[in-house]
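The values are calculated or read from the model by the stated rules, or taken from the named source; none is laboratory data. Since this is a predicted model, take the numbers as computed values, not measurements. Positions of Cβ are generated from backbone atoms using ideal geometry, with glycine treated the same way; all protein chains shown enter the neighbour counts. The accessibility values were calculated without ligands, DNA or RNA, using every heavy atom of the protein model including side chains. Shrake-Rupley method; radii C 1.70, N 1.55, O 1.52, S 1.80 Å.
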Amino acid sequence: MDRQMDAGQPREWTRLGFVPGQALRMFGMRRSGNHAIANWLQRNAPSGHSVFMNNCKPTTDPFKSFRSIELDGKIAPHRKARRDLASVTARAEDGAMLLISYEDVTPANFAPMRMVSEPFDETLLTGDVLIYRSFLNWAASLLKKMQANDSYSLLRRNAILLHAIDNYRLLLKQVEQADDLGFTCICYDDWMRSEDYRASILAQLDLPVCDNSLGQVQSYGGGSSFQKEASSADELETSRRWQKMSEDPEFAAVLNLAAHDTKLTHRLERVFPRDAALLARIAGVNTPPEEGRRE
């Protein structure tokens with residue numbers, strides 16, 4: 001009997017056309033190295049084969065809502081996969097890695113009322129991965145990316161950025177709760193800096209070290225916000241993004257607001273104390289709008 005017709009298989013794997021060796025779900029804010037890390041995970045798939053469903057829509061069937069799809073690290077036909085997933089993904093064969101990603105949300109946005117991946121059976125997942133990045137470099141990269149989009153007005157892009165900062169705070173909350181929640185956390189800053197750190201994450205996920213390099217700059221989202229010419233991730237100066245934006249008045253305004261959000265700064269004190277100290281310095285220099293106003 002055809003394996004795909006085996007009534008004992010979960011419906012999800014029948015639709016996929018193969019039984020994954022690892023089924024990982026990944027969360028991260030945009031401009032946090034999501035795609036670089038996704039590519040790295042795929043390059044370290046035990047069988048050498050992988051399927052990556054990129055930027056799925058939350059609370060919607062991930063097998064129908066992915067924005068793009070990769071097979072073995074290469075872009076696969078999107079429309080064909082949406083119509084008949086197995087016709088594209090079955091070639092990965094049993095034991096391949098399945099990687100499902102979400103951007104700008106965490107499970108905390110939906111729990112306990114709803115599941116992020118419903119109607120997908122989340123008990124089939126072998127792990128959840130949270131990707132996070134130092135606040136100042138992340139915020140600088142996101143703002144720089146939006147400034148390049150002429151369709152965004154100043155107010156619109158800053159509204160988007162402030163909303164993203166609130167979700168970033170929720171992500172840090174879950175990073176702090178990771179041990180209790182069973183999540184594997186990847187700090188993009190450390191991932192970029194240290195080969196040993198990358199190897200330790202692979203060990204946590206029970207993945208072999210096949211290719212522990214940083215790989216090539218991924219084209220998703222237009223690539224790097226600051227270094228469009230960079231092709232190798234080794235060329236990127238990701239730890240200096242906020243310094244490059246330090247004279248930008250928009251960035252200064254956003255940081256001034258962020259510096260007075262104690263729910264954010266208290267988490268930064270524990271997760272990124274250097275960023276928290278810089279924001280505290282900003283808060284000490286700038287007077288909050290409500291205190292500065294005289295009626």
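Per-atom-type breakdown for the chain gives carbon and sulfur 49% of the accessible area (1.4 Å probe, protein chains only).
Here the Kirkwood formula puts the hydrodynamic radius of the stretch 14-140 at 14.8 Å, using every distinct Cα pair. What GluC sites (Glu not before Pro) does the stretch 93-128 have in DSSP loop regions with at most 14 other beta carbons within 10 Å? Within the stretch 93-128, the qualifying GluC sites (Glu not before Pro) (loop, at most 14 other Cβ atoms within 10 Å) are GLU93. The string of couplings for the stretch 254-264 from the Karplus curve (6.51, -1.76, 1.60, θ = phi - 60°) is 5, 5, 4, 5, 4, 5, 9, 9, 5, 5, 6 Hz, one whole number per residue in order, with x for Gly and Pro.
With every protein chain kept in place and ligands, DNA and RNA left out, what is the accessible area per residue of the chain? Probe 1.4 Å, answer in Å².
On the way: 14300 Å² over 295 residues.
Averaged over the residues of the chain, the accessible area is 48 Å².
Placing one equal scatterer on every Cα of the stretch 36-106 and applying the Debye formula, the log10 ratio I(q)/I(0) at q = 0.12, 0.24, 0.26, 0.28 Å⁻¹ is -0.28, -1.09, -1.22, -1.33.
Helix 273-285 and the longest principal axis of the C-alpha atoms of the chain enclose an angle of approximately 30°. Just so you know, the Cα atoms of the stretch 82-231 work out to an Rg and Dmax of 17.7, 49 Å.
Just the number: Rg to Rh for the stretch 15-286, Cα atoms, Kirkwood Rh, two decimals.
On the way: Rg = 18.7 Å, Rh = 19.4 Å.
Ratio value, two decimals: 0.96.
Considering only trypsin sites (Lys or Arg not before Pro) in DSSP loops that have at most 10 other Cβ atoms within 10 Å, the longest stretch of the chain without any of them is 1-227.
With each label modelled as a point 7 angstrom along the Cα→C-beta vector, the ILE282-MET115 pair spans 3.9 nm. Here the average projected area of the convex hull drawn through the C-alpha atoms of the stretch 139-191 stands at 4.5 nm².
Restricting the stretch 105-207 to chymotrypsin sites (Phe, Trp or Tyr not before Pro) that sit in a DSSP loop and have at most 11 other Cβ atoms within 10 Å of their own Cβ leaves nothing.
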